[in-house]
Each structure stands twice: as structure tokens, then as C-alpha cells.
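A.B. asks: Structure below; questions to follow.
Here, each number is a calculation from the coordinates, and none is a lab measurement. Predicted, not measured: the structure shown is a model, and the values here were computed from it. Here the Cβ is made from the backbone with ideal geometry for all residues, glycine too, and neighbour counts use every protein chain on show.
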Amino acid sequence: MSNENPNNADPIERREFDHRHVARLTIDSDPWLSCDDCFEQVDSVVEGVVAENIPLSAPFGVHLAACPVCHEEAVSLAELIAEDFNLSPEQAVARLEAAVEGAAA
Amino acid sequence: MVEIEQQAVPERQAMSAEAVFPADEWVERLSMSGPVRDEAIRALHALMIRAARHQVARMPEATSLGSVVRDEIINSAADEATIAVLGRLDSFEGRSRFTTWAYKFGILQAGVHVRRTRWRGREVQLRQIVEPVESHVRSPEAHVEGGDVASAVSRAMATCLTPHQHKVAVALLVDEVPIDVLSERLGTTRNALYKTLHDVRKRLRVELIAQGHTLMGASEEVNR
Ligand SMILES: [Zn+2]
């Protein structure tokens, strides 16, 4: 891997650096939850939301708002289990997204 | 040693595995020996194929990989997820359905495989912002507020972060290197990189709030 760029040959000034980057860099990721703990909980939490609309804990909701990859996998899980609870994938995801918004507010 | 038959499993067959075993029998059957366990492992593998296929299908970045590579990823991810589930059976506490618990392993493995395959052969640059950023925000309103904050953020990154924090933040949040790719290249974990991001965000927030900037909370999603 060439993971160093000593000459800064591709300086960030040439790239877009806009409100999305500012938001990603400064989002409030407290209360803390690790990716490992998110993975430990994601099955029961997502099932609770999809099956019974159980609210997310603040740490879990904040983690999904601040960690794109865990968010993506939680959404994928919601889609996958939707039919087990007589929902469409879209309905299951809508429940999850609403829960994330509610927990992180 | 677990041996998993390499064969294509139609999705319908995979789904029927849930009906074959009542929820409370999965762990019991997978913990037995002989034909009962073999049958349960085949059913588990079918579940993992379903989860991996679902995950690969929903990832736009998998499209350009082609069907052969996608199938390889699905099968590899299902194999690894099956082994992971079997290795962690003791940790299943029944807080969700067994199938829901197992699916998360298939989703994880497939997602990691796609991200890393997509970036194979691509260089990951770890770099720092060396000068205050000129904003490229386009709307006039955003320019006044967002441009000011963008410049303040780039200055704070240069002064408040360690070189490691700075490079990780730029790679993940500006250059959009997938976290599983960066963790592989750096020989670390998703967990450790997210902790670095958490520390970065805390440092930047403290600095920017001290300067009088208004920052967003977690409710305004940034992860799309
Ligand atoms: Zn995470």
C-alpha cells in the first residue's frame, strides 16, 4: 500500500469541501457506542423496531446516525426480516429510520 | 472443522429453512453431532446465502463487479458467516429470532467483501489538509454560514488533531474510503477507526463551539 502522500500531491483544496463534509466531521457522536457493541445489539434492536416499534436507545440511534456502515447494515437487516413481521422492506426501513431520527434528536 | 458444501442455493430453498426448524431448535440442532447437525448446518448456510445475496444486491458499488465476482462474494461471505455463527452459538441469548441474529453475520461478511473487492488495486492516500480550505459551497446562504464553518473546520483539523486522527478523518469522511477498506490497509479494525472518528468529532466540536459556531446534532443525518 502506498498510504503516504508526502508531497500532498492531491491537495484537498482541489476538492469539494462543503457542508456535507463539515457535517460528517462535526456530528455529535455522543453518547458513545462502539461498532462492536452495535453489532452485538443490532439483531434485537432492529427486530424490536420492525416488529413492535420499540424506540432505540440514544447510544444506538446516535451510532446509526454517525456510522454509515453500521447504518447500512442495520437497514439491510430490517429489509431482510420485514416479511417475517408482515411488513414490506420499505415499511420496515421507514420504521427504523424514524427510530434513528427519534433517538438522535 | 466445519465443511460446507459449495453449491448454489435457490433463495426459496434458503427461506424454507426457517420453516424447517422452530426458532428454539436451531441452537440445539447445530450443537448436536451427526446427520442432524449436518442438516442444520446446510440450512444455516442457506440462510447465510440469502443474507449475503440480499446485501450484495442492495449495494450500488457491487454492480460494476459483474455477476461472477458477485456470486463468488456471496458464496465466500456465506461460508465465513456460517463459520462465524457456529463459533458464536454460545453467545446467542434469544433476544431476537435465531434467523435475525444469524442474518447479521451474513450481511456483515458480504458488505465487507464487496467494499474490499471494489477497492482492490486502488491506492488509498492518507493525507492531511495543509492549508485552510476555500469553501466550494454554492448557495449564497450556505456560503455565508457553511463556508465560514468549512474554513474553521479545516483550520481546527490542522491545529487540534494528531496526524493520525487527521489522516483517518480525511480518508473516511472527505475521500470516502470505506471504513472496512481503511481498516484492512492499516491493519486495524472498524471499531478502532470509529473510535478515532469519535475522538476527532469531539475535538473539532469543542474547538468550533468555542469559536462561536453552531453545529449539528446527531439527528441531522450525515451518513447517506
Ligand atoms: Zn459502526
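A.B. asks: Each label point is 7 Å from the Cα along the Cα-to-Cβ direction; what then is the distance between the points at A:Gln91 and B:Asp199, in nm?
C.D. replies: That separation, rounded to one decimal, is 4.6 nm.
A.B. asks: Something else now. For peptide B:208-216, how many partner chain Cβ atoms fall within 10 Å of a residue's Cβ, on average? Display every interim value, and only then the final one.
C.D. replies: Values: counts 3, 1, 0, 0, 0, 2, 0, 6, 6.
For peptide B:208-216, the averaged partner shielding equals 2.
A.B. asks: Treat each spin label as a single point 7 Å out from the Cα along the C-beta direction, and report the B:Thr214 to B:Met32 distance in nm.
C.D. replies: Here the modelled spin labels are 6.4 nm apart.
A.B. asks: Neighbour counts of other C-beta atoms within 10 Å: give me A:Leu64, A:Leu96 arranged from fewest to most.
C.D. replies: A:Leu96, A:Leu64
A.B. asks: Ok, one more. Considering amide H positions built from the backbone, and no H for Pro or chain starts, which residues 5 or more places from B:Leu126, or on another chain, come under 5 Å of its amide H?
C.D. replies: Close amide H contacts, sequence-distant or interchain: A:Glu4, A:Asn5.
A.B. asks: What's the ranking of A:81-87, A:68-74 by average number of surrounding C-beta atoms within 10 Å, highest first?
C.D. replies: In descending order of packing, they fall as A:68-74, A:81-87.
A.B. asks: Let me ask something else. Per-residue counts of other Cβ atoms within 10 Å, averaged by peptide: what ranking do you get for B:58-71, B:162-175, highest first? Display every interim value, and only then the final one.
C.D. replies: Numbers: B:58-71: 13.9, B:162-175: 19.4.
Going from most to least packed, we get B:162-175, B:58-71.
A.B. asks: Roughly how many nanometres apart are two label points built 7 Å out from the Cα toward the Cβ at B:Thr188 and B:Asp24?
C.D. replies: Modelled inter-label distance: 4.5 nm.
A.B. asks: What list do you get for B:Thr214, B:Thr196 if you sort them by fewest beta carbons within 10 Å?
C.D. replies: B:Thr214, B:Thr196
A.B. asks: Between B:Asp148 and A:Asp37, what is the FRET efficiency for a Förster distance of 35 Å, r being their Cβ-Cβ separation, to the nearest 0.05?
C.D. replies: 0.45
A.B. asks: So for the range A:30-104, what are the equivalent ellipsoid semi-axes in whole Å, largest first, each being the square root of 5 times an eigenvalue of the Cα gyration tensor?
C.D. replies: Values: eigenvalues 73, 27, 20 Å².
Semi-axis lengths for the range A:30-104 are 19, 12, 10 Å.
A.B. asks: Still on this model: Exposure proxy check: B:Trp119, B:Trp101, A:Trp32 ranked by fewest other beta carbons within 10 Å?
C.D. replies: Fewest-to-most ranking of B:Trp119, B:Trp101, A:Trp32: A:Trp32, B:Trp119, B:Trp101.
A.B. asks: Now a separate question. Where the centre of each part is set by its Cα atoms, how far does the range B:24-65 sit from the range B:188-204, in angstrom?
C.D. replies: After rounding, the separation between the Cα centres reads 32 Å.
A.B. asks: For the range B:11-118, count all C-alpha to C-alpha pairs, find those more than 23 Å apart, and express that count as a whole percent of the total.
C.D. replies: Here the long-distance tail beyond 23 Å is 25 percent of all Cα pairs in the range B:11-118.
A.B. asks: Name the lysines eligible as straight-distance cross-link partners of B:Lys167: C-alpha to C-alpha under 26 Å, and not fewer than 8 places from it in the same chain.
C.D. replies: Within the straight-line limit of under 26 Å, B:Lys167 reaches these lysines: B:Lys195, B:Lys202.
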